[in-house]
Every structure is written in C-alpha cells, then in structure tokens.
Amino acid sequence: MSLNESWAARAARALTPNYKQQPVALVRGQGARVWDADGKEYLDFIGGVAVDALGHCAPALVEALAEQARTVWHVSNHFYIPRQIELAEALLETAPWARRAFLCNSGCEANEAMLKLARRHFAELGQPERNEIVACTDSFHGRTLFTVTVGGQEKYRQGFGPLPGGVRHVPFGDVAALRAALGPRTAAFIVEPTLGEAGVVPAPEGYLAAAREATRRAGALLCLDEIQTGMGRTGKMWAHQWEGVEPDLLSSAKALGGGFPIGAVLATEAVGRHLVAGSHGTTFGGNPLACAVALRVLRELRGGALENGRVVGERLRDGLQRLAAGGRLERVRGRGMLLGLVLKGVSAPEVAARAREGGILVNPIGEGVIRVAPPLTLTADEADEAVRRIGAALAAAPAAS
Ligand SMILES: *Cc1c(COP(=O)(O)O)cnc(C)c1O
C-alpha cells in the first residue's frame, strides 16, 4: 500500500465522510508546488481553493507568523489588539468607501456577520420589518445554517431544516428579476462579483452597477461576497473595482490570510456603527497570529504580487484559450488568477484525474468545468508549464459517454 493509500484508508475510518477527496495526501508545499506523501510533485493550481495567494510557505508570511508566535498568540477581544487595529486600517485603505472593519475566522463567519449586521442596521434604525435578504440562485456563501439558506444551491440545505426565514432568491445576472424582488421589506441584496463555487461565472457586465442602483432606490443594502474574488484574485484588490461600484458591506476571507484562517467584513460608517457593543463577537476573530499574517499578505500584494497576478494571469488565460483548438475546451471564463475552463465532450473529474497524474492539481466543478486558482506569485514559466500539463490532460481524458 502506498502512503497516499494508507492515509486514504485511515481517513475513511477516522473522519466524517463529508468531503469528496482526490486520492492524494499533501504533505509539503513551496511556492506554486506541493508534494504528496509518496513524494510526487505537483503544480498546485487550486491553492487551497483560492486561499494560498502567495503560494505555499512564502518566506514573508513564515517570518510574520514566527515573529508573532514569539510575541503573543491570543488575548481575546476583551482587550485592544494592535495587530488587529493595524489590519483594519490596512484593509480600509483598500476600499475608500469603507470606514469600519470586523474581523473573524472564516468566510461563512464573515457572511454571517455581514447579514446579521444588515438586519441589525435596520433594527437600530427602528425598521425591524426590513429584514429580508435577497440572494442569487447558484450562489455560494458558506455552510452555517444562515449562509446555506442564503446561498443559492439547494443541495447544501438538504436535511438541515428548519431553515431561517426571510430569504429569497433571484436568478444571477437578471436585473429585472432583482428589481422586482427588492422592496420595503428588503434589508440587503448579497452577491458574488463572480460565482466561484458554481464554476467561475462572472456577473454580466453592468450587473453590479444595476444592483447598486436598484438597492439604493429600494433603500436596501448592497452586500458583496468577495471571499473568493477579493485580495487581488481577479487582478484588482477587489473584483467590484473593475465595475466602479461601491457596496455598503463586503466580506473577505480565503486569501486574506494566505492560508492562515481569517475573515473580515468591511462596512460604511452608516452601517458599520450599528454593530453595537455586545451585539456580535467571536473568541478568535482578530487574533494576533492571523492579523500579523494578513497584514503581511496585504503588504506583499501591494509590493508586486497583485501586479504579477494580473500580468501572469493574462498569459495563463491566453495559453489556456489556445487549448480550445484541441476541441475539448469550449472557453475560458474569469480573469486574473481565477479561471473556469468550460469543457466540451469530456468530464471534469476525468480531466482532473489525468491532470493529477501529469503533475498538476486542478478543481473539477460538476461534470463540465475545471476551476484553476494558482498563486498570484506564479511565474511565466510555471504558467506555460501548467498550460502544457492541462493540455495533455484534456487530450488524455476519455470522451464523455
Ligand atoms: C469559500 C467561500 C465562502 C465560505 O468560506 P468558508 O471559509 O469556507 O466558510 C463564502 N463565500 C464564497 C464566495 C466563497 O468562495
């Protein structure tokens, strides 16, 4: 039995069976590469699901983490935490409309806080009846009970009822349906600039601007879930900055800590001030270790990683686009370092398996899409190597029946 197989067998006995896993145990990473338990090397083109923005074990992050680990790990929000305050200030600098930040530990927690704040905002204004959340079909916002209810994928809600009320869904990208759904009872519309878990589906051009206009007219808040699209992933710090819109609230997580768990909500002054003392909180949120690492992630993005991701992302996209000539790739969706390969006549899990055998890890979504989310620090040579390996995997996969 190989070491990978041995880990798979132990996982099957010891863990709840809630994940569908690729049959390798990853034990080491450096930059854009990872190694499995049997020593095989891969280009990591899923990067912990769009988390490892600076690659694995980036020296700057290792240094920030080690330095903080020698200083203080955890003190709780009963006290001021300098690293947390510095991180809030640094995050607010990335979003001119935002005046307040709340820190937590993950994406679903950020969305949970964002949606709770949207309701609390209107309750504080004396309008508790304005509590409805409008969200998009096919969206993904996390796995807490509130966020699976708000998310637009029925399969994630199955068997977990009763669900919280006051949530309705509209088709993603449909401006008329959105306008019709918003009204005097709407607290907020929550949307991803690009649907990530649904296979990298960018919002149609103008949709976010129309959503901004429609929510403003209805007196409701616009909440952007930038957990997957933010932190430079699409070539700008936040994906909504491509569209020139400004939300009332924004959630971040995934790449924010470069692999260390952390989440954040950014809010305007008018809304953020309503998360009043005692209304919400978390034990670990804004913990010194997480904040020290996230601060360094932001510094590295500003110091060139964001720009590199935009430039190399274009090269990668062009290279992948050329694979369409082989007849098994319909098109490439997305921008920057978040791309969806829409397949034609081959199944995504088969392509991912061939890719893995050929030395590159990618993420199959359903039967028809491969998602890639390599580090923003990827080199041009690594991008070219990845295109060759993905091309070989497309050619090697059996035709779908
Ligand atoms: C990953 C993700 C979440 C959930 O984040 P977790 O850290 O897994 O809770 C929410 N929204 C989007 C868009 C995501 O990609």
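The values are calculated or read from the model by the stated rules, or taken from the named source; none is laboratory data. This one's a predicted model, so the numbers in the text were calculated from it and none came from an experiment. Cβ: placed from backbone, ideal geometry, glycine included. Neighbour counts: every protein chain shown.
Every condition in (1) surrounded by 14 or more Cβ atoms within 10 Å (Cβ to Cβ); (2) under 20 Å from E385 (Cβ atoms); (3) in contact with a strand residue (DSSP E or B) (Cβ under 9 Å, 6 or more places away or on another chain) is met by R28 except one, and the failing one is (1).
Any chance the stretch 178-188 includes a residue that's in contact with a Pro (Cβ under 9 Å, 6 or more places away or on another chain) and modelled with pLDDT of 95 or more?
Yes, the stretch 178-188 has at least one match.
Out of everything in the stretch 151-169 that is within 16 Å of the ligand (Cβ to nearest atom) and part of a loop (DSSP other than H, G, I, E, B), what residue ends up being farthest from G107 (Cα to Cα)? In this case the residue turns out to be F160. For the stretch 265-274, the count of residues that are more than 24 Å from A123 (Cβ to Cβ) and under 18 Å from the mean Cα position of the chain (by Cα) is zero. Among the residues of the stretch 25-68, the one identified as under 23 Å from T229 (Cβ atoms), among the charged types (D, E, K, R) and more than 16 Å from the ligand (Cβ to nearest atom) is D44.
Any idea which of G244, G272 is surrounded by fewer than 22 Cβ atoms within 10 Å (Cβ to Cβ) and on the phi > 0 side of the Ramachandran plot?
Being surrounded by fewer than 22 Cβ atoms within 10 Å (Cβ to Cβ) and on the phi > 0 side of the Ramachandran plot holds for just one of G244, G272, which is G244.
Among residues of the stretch 112-144 being more than 16 Å from L222 (Cβ to Cβ) and among the basic types (K, R), the one that is nearest to the ligand (Cβ to nearest atom) is R143.
In this structure, R143 does not satisfy being of a type in the set (D, E, K, R), modelled with pLDDT of 95 or more, more than 25 Å from the chain's Cα centre (by Cα) and in the same structural domain as V245 (by TED's automatic domain parsing). Counting only helices (runs of 4 or more DSSP H) that fall entirely inside the stretch 1-117 and contain at least 3 residues that are modelled with pLDDT of 95 or more and not aliphatic (A, V, I, L, M), the qualifying elements are 3-14, 59-69, 82-93. Residues in the stretch 287-297: is at least one out of contact with any Gly (no Cβ under 9 Å at 6 or more places or on another chain), among the polar types (S, T, N, Q) and closer than 21 Å to P82 by Cα? Checking the stretch 287-297: at least one residue is out of contact with any Gly (no Cβ under 9 Å at 6 or more places or on another chain), among the polar types (S, T, N, Q) and closer than 21 Å to P82 by Cα. Taking first residues from the stretch 97-113 that are in the same structural domain as R83 (by TED's automatic domain parsing) and partners that are aromatic (F, W, Y) and part of a loop (DSSP other than H, G, I, E, B), the Cβ contacts under 7 Å between residues at least 6 apart in sequence or on separate chains come to N105/F284. Close contacts from the stretch 237-265, counting a first residue that is charged (D, E, K, R) and a second that is part of a helix (DSSP H, G or I), with Cβ to Cβ under 6 Å and a gap of 6+ residues or different chains, come to E243/L208; E243/A209; D248/V271; K254/A50. Taking the criterion of being charged (D, E, K, R), over 18 Å from A400 (Cβ atoms) and in contact with a strand residue (DSSP E or B) (Cβ under 6 Å, 6 or more places away or on another chain), the residues of the stretch 304-345 that qualify are R317, R333. Here the stretch 194-215 is the region considered, the condition is being in a loop (DSSP other than H, G, I, E, B) and within 16 Å of the ligand (Cβ to nearest atom), and the residue that is surrounded by the most Cβ atoms within 10 Å (Cβ to Cβ) is V200.
Residue-by-condition table, conditions (1) of a type in the set (G, A, S); (2) within 17 Å of G336 (Cβ to Cβ); (3) outside the structural domain of G142 (by TED's automatic domain parsing):
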{"position": "R212", "(1), (2), (3)": "no, no, no"}
{"position": "A220", "(1), (2), (3)": "yes, no, no"}
{"position": "L224", "(1), (2), (3)": "no, yes, no"}
{"position": "T229", "(1), (2), (3)": "no, yes, no"}
{"position": "G232", "(1), (2), (3)": "yes, yes, no"}
{"position": "G235", "(1), (2), (3)": "yes, yes, no"}
{"position": "Q241", "(1), (2), (3)": "no, yes, no"}
{"position": "V245", "(1), (2), (3)": "no, no, no"}
{"position": "A253", "(1), (2), (3)": "yes, no, no"}
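Just name the residue that is surrounded by the most Cβ atoms within 10 Å (Cβ to Cβ) out of those in the stretch 319-355 that are under 23 Å from the mean Cα position of the chain (by Cα) and among the charged types (D, E, K, R). Per the stated criteria, the residue is R335.
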